[in-house]
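A quick write-up on the structure given underneath.
The values are calculated or read from the model by the stated rules, or taken from the named source; none is laboratory data. Remember, it's a predicted structure, so these values are computed and weren't measured experimentally. Glycine gets a Cβ as well: all are built from the backbone with ideal geometry, and neighbour counts include every protein chain shown.
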Amino acid sequence: METYLIQGLGYGLAAAAQPGPFQTYLIAQTLTKGWRRTLPAALAPLISDGPIILLAILVLNRFPEGWQNALSIIGGLFVLYLAWDAFKTWQTFEERDPDIEKETGSVFKAAMTNALGPGPYLFWGLVTGPILVNGWRESPVYAVVFLLGFYGTMVLTLAVLIVGFGEARHLGQRLNRLLIGISMLALFGFGFHQIWQGLH
């Protein structure tokens, strides 16, 4: 159970810290409307990810069990790619404000921004989906623990980013860079771990 909890915590942090359209949207809304009005948008993945997870599980359940090792290796390689991308972002990170949107923000719009990006589909299809399916096969409790760890960490990290950018722009940028660095290390570790599992 601890393995699934640790994976949930690590991947939740990585998913929240990776730069993308959703994170940019949250930061832009924070800079225009303040962190108090933007904070509920941290819950958006809880709304948008349900159908994505169901789709990933339906597809993954059609694969024979022997394919799980191959999926684990492919997922591990994808995680290492994300880790390398995070490293390049961390290395060349500049303290600049994102493009600010002038439209009114909402939890629904944040959820749509998240659902329309490729990140959640790739993440649940190649990385977290297989972990969730394996956990469910071992015990439904493991799958629930993984999801609680993942979304608990993701929502909390998004909330910290929103408050950080809302309170002080420079603090927010430094905090963002720190979280990207931590997620980079976590992704490298999880990527190698997943490849090792697939090979054994």
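Annotations for the structure displayed:
- Taken over region 1-25, residues that are in contact with a helix residue (DSSP H, G or I) (Cβ under 6 Å, 6 or more places away or on another chain), under 17 Å from G119 (Cα atoms) and buried (at least 19 other Cβ atoms within 10 Å of the Cβ) amount to 11.
- Number of the condition not met by N176 [criteria: (1) surrounded by fewer than 16 Cβ atoms within 10 Å (Cβ to Cβ); (2) outside any loop (DSSP other than H, G, I, E, B); (3) at pLDDT below 75]: (1)
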